[in-house]
Amino acid sequence: MKKEVEASNQTITDDFLSTLAEKVGAIAKASIVFGDAVERDGVTVIPVAKARWGFGGGAGNKDNDRGSGGGGGAVVTPIGFIEIREGQAVFKRIYTIPPSLFALGGMAVFFLVRDLLRRR
């Protein structure tokens, strides 16, 4: 009986992980990273993004109504675009400033202005 329960648990786990992998695989396509091409005036632009995702699994036992589940998430960030002009393709990066640097910059300006006002 114990071997049957272990085999049943393994089947449940395998089925769950297979289904989860299929669903993540359906989402994890090149179209997530490379957007639809746009053409205007002889120039084609293809948006490019960085995609990261992860997931966790779980399993259960229908014989004793116990189980556990998992979850996951994804982050897609634009990083640039491919420009195709006159038969030449060039990747152009989009440079962004992380929000934490904005906060640091704002603090630096605050202290600089405060110090200037105190000196007057």
Self-check item: Amide proton proximity set for G80, modelled H, under 5 Å, gap of 5+
Solution: V48, I94
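For T77, what is the net charge nearby, where nearby means another residue's Cβ is under 9 Å from its Cβ and Lys, Arg count +1, Asp, Glu -1?
On the way: positive: K50, R52; negative: none.
Net charge around T77: +2.
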Exercise. Give the long-range amide H neighbours of G60: residues separated by 5 or more places, or on another chain, with amide H under 5 Å away, using H modelled in the peptide plane at 1.01 Å from N.
Key: T13, S68
Practice problem: Tell me the label-point distance for the pair D63, R114, using the 7 Å Cα-to-Cβ offset, in nm and rounded to one decimal. | Solution: 6.7
Quiz prompt | Simple spin-label estimate for D36 and E22 in nanometres, 7 Å along Cα-Cβ | solution = 2.8
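Order these peptides, 59-68, 87-96, 73-82, by their mean beta-carbon neighbour count within 10 angstrom, highest first. Please list the in-between numbers first.
Working: 59-68: 11.6, 87-96: 8.9, 73-82: 13.1.
Ranking the peptides 59-68, 87-96, 73-82 by packing returns 73-82, 59-68, 87-96.
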Quiz item: For R52 and K92, what is the calculated FRET efficiency with R₀ set at 25 Å and r taken between the beta-carbons, to the nearest 0.05?
Solution: 0.70
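Taken together, the values in this text are just the output of simple stated rules run on the coordinates, not laboratory data. Bear in mind that the values here come from a model prediction, so they are computed numbers and not experimental data. Note that we place each Cβ from the backbone using ideal geometry, even for glycine, and neighbour counts take in every protein chain shown.
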